[in-house]
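The block underneath contains the structure these notes are about, expressed in C-alpha cells.
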Amino acid sequence: MTATTADAPPPELRLPKRRGVELALLVGGVLISVLGYAAVGLAHDGVVPPDVAGYGAGLGTLALLAHVAVRFRAPYADPLLLPIAVLLNGLGLVLIYRLDLETPRDQAAPTQLVWSTLGVALFAAVVVLLRDHRVLQRYAYLSVASALALLIVPIFFPAVNGAKIWIRIGGLSFQPGEFAKILLAVFFAAYLAANRNALAYTGRTFWKLQLPSGRVLGPIVAIWLLSVGVLVLERDLGTSLLFFGLFVIMLYVATGRTGWIAVGLLLAGVGAFVVGSFEPHVHSRVQDWLDPFASIDAGQGPGQLAQSLFAFAAGGMLGTGLGAGHSILIGFAAKSDFILATAGEELGLSGLTAVFLLYALLVARGYRAGLALRDPFGRLLAIGLASILALQVFVIAGGVMGLIPLTGMAMPFLAQGGSSVVTNWIIVALLIRLSDVARRPHPEQVETGVIAAAVEEDR
Amino acid sequence: MIRYIRRAAALCLLLLVALLVNAARIQVFEADELDGNPANRRNTIARYDQPRGNILVGDRPVTGSKETGEQLSFERTYLHGPLYAPVTGYASQTYGTTLIENAEDAVLSGTASVLAPLPFWNEFTRGRQPGGDVVTTIRASMQQAAYDGLSGRRGAVAALDPSTGAILALVSTPSYDPERLSGTGSAVTDAWARLNAAESLPMLNRAIRQTYPPGSTFKIVTAAAALDARAVTDADAPTDTPSPYVLPGTSTTLPNEARGCEQASLADAIRVSCNTVMAHLGVEVGLEGMAETAEGFGFNDTGLRIPSGVARSNFDTDMSDDQLALSSIGQFNTTATPLQMAMVASAVANGGDLRRPHLVDRVTTNDGDTVRQQGSGPSQRPMSPSTAVQLQRMMVDVVENGTGANAAIDGVRVGGKTGTAQHGVDNSGLPYAWFISWAQAPDSGRPAVAVAVVVEDAAADRDDISGGGSAAPIARAVMEAALEE
C-alpha cells in the first residue's frame, strides 16, 4: 500500500488499539450502573442511597483495574468486551440491590460485590498470566479430567431445591458445573482442532451420512455422554442442555458436517422427551411450561412461571422504573433464576431489548475473534466460549419467558451467584486474550506493510 | 471453517430474534390479559399503596387510613364505625367494598377520571390520583339521635330533606364496626365469620336493604290514591264503610283496633287508624289506581340508587279485591324499606313533589376542589298538590289528636302516621312498630325533615309494640335534631 522507509513508519502501520474507546465506554457503563443504583433509591425511599458514591467508586475501581490489565497485557483486544461485561455486572448488582430492599433479612448484593471483585481479579490474572491462548491446548486432558471431577463431586452433597449441583463448604456454596463449562470448551476445542481432519474425511458412509471412524469420535462422544449423564443424574437440565448445544455447535464448526446438526437435534429431541416424560422434577417443569396458569385454575395461586409472566407484562413497553415494580412476588429465586423478570418489569421491553443486545454484542464479538484468528484451536475456543454465553442466555431467558421449559440457570453477570459471576469473568478474559491475538498485527505484516485480513487456511 | 462459523453465528442470531419476539409477545400483545388475571396481585397492591380518600359527614371525615407496613400498605379506619356503617359500608382488603365505599370506589381509590388533571390522564399513565373525598348529606346530630333512639334494638331510621331528597340520617341497628373487616389475616376472617353468623344480622342495612310490611303507615298512600281518584271528595265527610268490614268476595271480616270507625270520614280514619275505611277505599280506587299511586311513591322500583342500590319495595299489581283490601292497609304482600316510607312522608311534606333520595352531596379532589356536586334529586309527582295539603292536615291531626302524640314537638308543625305491622304465619311473629313523620319549623316556608322509623323488637312485650309507643319518640328525637340546625 505504502512505501516503507526505515526511519519514518507510515501511519497505516500503527494499528488502532482502541484502548481510549474502551475507557470511554467503561466510564459510560459505570455511570449507567450508578444512575440505576440512584434510581432504585429514589423510587423506593425518595432519596439517593447514601452509599451510591461507594458503589460507583467500587465498580469504577474494578473497571479501571480490568482496563489497566487489558491496556498493558492485551493492547489489541476488542474494546467492546470489557465495557459490556462491566455494564452487565453493574446492572446485575443494581437489580440484586433493588430486590434486597424487599427482603431485608436476605442481603445478596454485598456478597455479589465480593464475588464480582474476585471475578475481576481472576479476569486480570488470566489477562496478565496467559500470554498465549495456545498454551491451553497442552492442558486439554487435564481440563477434561478436572471438568469431570468438578461435575461428579456435587453428587456427594445434598440436593438444593431438587438439583444436586451445589457444593457447600461452611457458609459458601458454589456450582462446579459453572467452571466445568470452560474446561469442557477448552477440551472440545483442543480435541476437535487436533482431530478435525480425521473427523471430517475418514470413516464409513452410511446412507447419505459420512460417519467418522469410531476411534476418533469415540473418546469425545464418551466424554460428552459422561458429562451430560452426570448432569441428568444431578437434575441439572439447563447445564446438560448447554453442554449438548456446545458440543453440537463445536463439532459442526470443526467438521462442517451438517448431518451432525440433524443427528444432534434428533438426539436432543428424544432425550428431552424421555427425561421430560419420566423424570418427575423435569416433568413438572414441562407441565408448568405447557400451562403456566394451571395452578391458578386449581385454586393454588400463581406459580413462579405465571408470576414471572405477570412481571414481564407489568413492564410493558417502558417498564415501571427501577425500584417501582413488584417482582418480589415471584418468590425465592427472584435474584437468581428469575432476575430477568425484574429487568422486564422495571425496564420494560425497551430495557430488556437493550440487555439482550448487550449479550448479542458480546457473543458477536466472540465470534468475530473466532473468525479473525488463524489457529483452529483459538477459533474453536472463541466460538465455544461465545456459544456458551449465547446458549445460556437463550435457555434461561426462554425459560423465564415461557418460550421453553424452565431450567435453573444463571443469567450471565446479571444473576446472583458467585461461581457464575467468576466463571463469566474468566470467559470474558479468555475472549479478551483471543481477540487480542486476532487483532494483533503479525510481524511479517508489519514488515511488508500489508494489513491482511485473516487468511483462510483450509477453505 | 469460516462458512461454518458464520452459520453458527446465524443460529445465535436466530435465538436472539426468538427471544425478542417472545418478549414483545408477552410485554405488548398479552400484557393486558396478564395484567387482568385475577391471580395477579399487582392491581391489588397498587390499589392499597396510597391512602384511600375519606367519607365526610358535614366537614369531618368519618373514615381514615393507616399505614400497616405490609404488602398492602394502607388499611381503612373508621371513626364511630357502628354509627356510620349503614352509610359508609366497609372497605376490606379481604372482602371488597359495600355501600358508599363501593359506589364511590373509583373516587376514593383515585382512579376516577374526574380527579385527573386532564381527560384520559389515568388511562394514559396507567396511574391513579390521590384518593378523592366523598361528602355525604348525613347530619351528624340526626344520625346520632336516631342511633341513640334505637339503642341497640333491631330497627332502622331513614330521614330525608323533603325539598332536596338529601338523606339526612340512615341508621340500622344492631350495627358493626367496619374497621374490623379492613385488613387481611385471621382477625378479619374471624370477625367476618362471626358477623355473618350473628342472629341479629348486624351487617344487614335495614334502612335500605330490608323490607317490612308497612302496616298502617301505608294508609297515607291509600289516602293519596283515594283523594286523587276522587273516591273521596270531602275528607271530613263520612264514608260508606261498615265496621267490621267483610273482605270482598270472601266471608272474612276485617276488624279495627280503634273505636269509632263505623262510617268514619277519611280524616278520622287516618287519625285513629281505621283498617276498615282504608281497606274499603283501596277497593273503591281499584287495583290500577292503587298501583299507580304506590309506584308514584317509589314502590316496585328496582332501579333506585342512592348511589348504592335500594331494595325494591313491593305493591302487587295482580290481586283479587280481598287481597287489594289487605294491601291497602299495608298488609298482604305489601312491603317497604324504611327509606321508601320516608319518601312517602317526604312527598306529602313537600306538597306532593317527591325528590329522589341521594346520600352523596359532593365529591372533591384530595385538595378539596369540588369535582362533582349533587343538586336536588329529580322529582316525580305521586299526588296532586291539593291532595298533599289535605294529607298534611290529616297527618298533623294524627300527632295532635291521634295515635302519634308521642311525636309532638312544642311550637313545631309535625305530621305523622303510626303503623303496627303484623307478619309471620298467622301473624305469629312479633309485629313491627312503624312511624313516619315530617316536621316544619314555624318560621319556615317548607318542611325541614321527613323521617321513617321501624323497630322490630323481638325482646319487647307484644302489647308494647306500637308505632306510637316505640317508634314515634325516635322520630321526634331525629326531627328535633333536624330543627336545631
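The values are calculated or read from the model by the stated rules, or taken from the named source; none is laboratory data. Small disclaimer: the values here were computed from a predicted structure and weren't measured. Backbone-built Cβ (ideal geometry, glycine too); neighbour counts: all protein chains shown. Protein only, heavy atoms only, side chains kept; ligands, DNA and RNA dropped before computing areas. Shrake-Rupley method; radii C 1.70, N 1.55, O 1.52, S 1.80 Å.
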Charge dipole (the protein assembly as shown, unit charges on Cβ, about Cα centre) - positive-most of A:V40, A:F123, B:V360: A:F123
Whole-angstrom Cα spans of chain B along principal axes, big to small: 119, 47, 42
Accessible area of segment B:213-347 belonging to carbon and sulfur atoms, whole % at 1.4 Å probe: 43 percent
All lysines inside 19 Å of B:K417 as judged from Cα atoms, apart from same-chain residues fewer than 8 positions distant: B:K219
Förster-model FRET efficiency, 60 Å R0, A:F156 and A:Y201, C-beta, rounded to 0.05: 0.90
For chain A, calculated [θ]222 nm from helices alone, where every DSSP H run of n ≥ 4 adds -39500 (n - 2.57): -22500 deg cm²/dmol
Interface area, A with B, accessible, probe 1.4 Å, both sides summed, Å² nearest 100: 3600 Å²
Fully extended contour minus Cα-Cα distance, from A:L233 to A:I261, at 0.36 nm per residue: 7.6 nm
Neighbouring partner chain Cβ atoms per residue of A:355-367, average, 10 Å criterion: 3
Sequence of B:T217, B:T317, B:T44 from largest to smallest accessible area, 1.4 Å probe: B:T317, B:T44, B:T217
Approximate spin-label separation A:H283-B:D410, in nm, with each point projected 7 Å along Cα-to-Cβ: 9.0 nm
Three-way shape label, chain A, alpha-carbon gyration tensor, a/c 1.5: oblate
Shielding by partners, peptide A:247-256 (average Cβ within 10 angstrom, other chains): 3
Accessible area (Å², per residue) of the protein assembly as shown, counting only protein heavy atoms and a probe of 1.4 Å: 41 Å²
Rough spin-label spacing in nm, given labels placed 7 Å along Cα→Cβ, for A:L35 and B:S320: 8.7 nm
About the Cα centre, charge dipole magnitude for chain B (Lys/Arg +1, Asp/Glu -1 at Cβ), debye: 2160 debye
Reference-scaled alpha-carbon Rg (2.2 N^0.38 Å with N residues) for segment B:332-441: 1.35
Span-like helix ranges in chain A, DSSP H, alpha carbon extent 20 angstrom or more, Kyte mean at least 0.0: A:19-45, A:52-73, A:81-100, A:109-129, A:176-201, A:214-233, A:237-255, A:258-278, A:339-372, A:376-400, A:418-439
Those residues of segment B:27-47 for which accessible area with every protein chain present is at least 10 Å² below the isolated value (1.4 Å probe): B:Q27, B:V28, B:A31, B:L34, B:D35, B:N37, B:A39, B:N40, B:R41, B:R42, B:I45
A:L225-A:R134 FRET efficiency (beta carbon distance; Förster radius 41 Å; 0.05 resolution): 0.90
Protein-protein interface of segment A:284-316, residues with accessible area decrease of at least 50 Å², isolated chain reference, 1.4 Å probe: A:F310, A:A313
Nearest-ten-degree value, helix B:2-24 long axis tilted from longest Cα axis of chain B: 10 degrees
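Could you size up the charge dipole of the protein assembly as shown around its Cα centre, putting +1 on the beta carbon of Lys and Arg and -1 on that of Asp and Glu, and report it in debye to the nearest 20?
That gives a dipole near 6380 debye.
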Förster-model FRET efficiency, 60 Å R0, B:R446 and B:E33, C-beta, rounded to 0.05: 0.60
Segment B:71-147, accessible surface, carbon-and-sulfur percent (1.4 angstrom probe): 60 percent
Cα-based reach from A:K335 at 28 Å (exclusive), listing lysines while leaving out same-chain residues under 8 positions away: A:K164, A:K181
Compactness of segment B:51-151 - radius of gyration and Dmax, Cα, Å: 14.9, 50
Full-stretch length increase - B:D301, B:T189 - with 0.36 nm per residue and alpha-carbon distance subtracted: 36.8 nm
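With +1 on each Lys and Arg Cβ and -1 on each Asp and Glu Cβ, how big is the dipole of chain A about its Cα centre, in debye rounded to the nearest 20? Don't skip to the answer; put the middle values down first.
Working: 30 positive and 27 negative charges, 273 e Å.
The calculation lands at about 1300 debye.
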Accessible area of segment A:272-367 belonging to carbon and sulfur atoms, whole % at 1.4 Å probe: 67 percent
Ranked by how many other beta carbons lie within 10 Å on average, peptides A:369-377, A:75-83 from highest: A:75-83, A:369-377
Residues losing 40 Å² or more accessible surface upon assembly, segment A:392-411, compared with the chain by itself, 1.4 Å: A:F394, A:M401, A:L403
Neighbour cut-off at most 13 other Cβ (10 Å), DSSP loop, GluC sites (Glu not before Pro), segment B:243-292: B:E257
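Helix-only estimate, please: 222 nm mean residue ellipticity of chain B, summing -39500 (n - 2.57) across DSSP H runs of length 4 or more and dividing by its residues, to the nearest 500.
About -10500 deg cm²/dmol.
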The protein assembly as shown pair-distance distribution - Cα-Cα, 10 Å bins, rounded %: 2, 10, 16, 15, 11, 9, 8, 8, 8, 6, 4, 2, 1, 0, 0
Stretch gain in nm, segment B:E257-B:S376, where the contour uses 0.36 nm per residue and the Cα spacing is subtracted: 38.8 nm
Separation between Cα centres of segment B:229-253 and segment A:366-391, rounded to whole Å: 108 Å
Accessible surface, 1.4 Å probe, highest first, among residues B:R194, B:R25: B:R194, B:R25
Lys/Arg +1, Asp/Glu -1 at C-beta; segment B:1-103 dipole; positive extreme among B:S65, B:A8, B:S92: B:A8
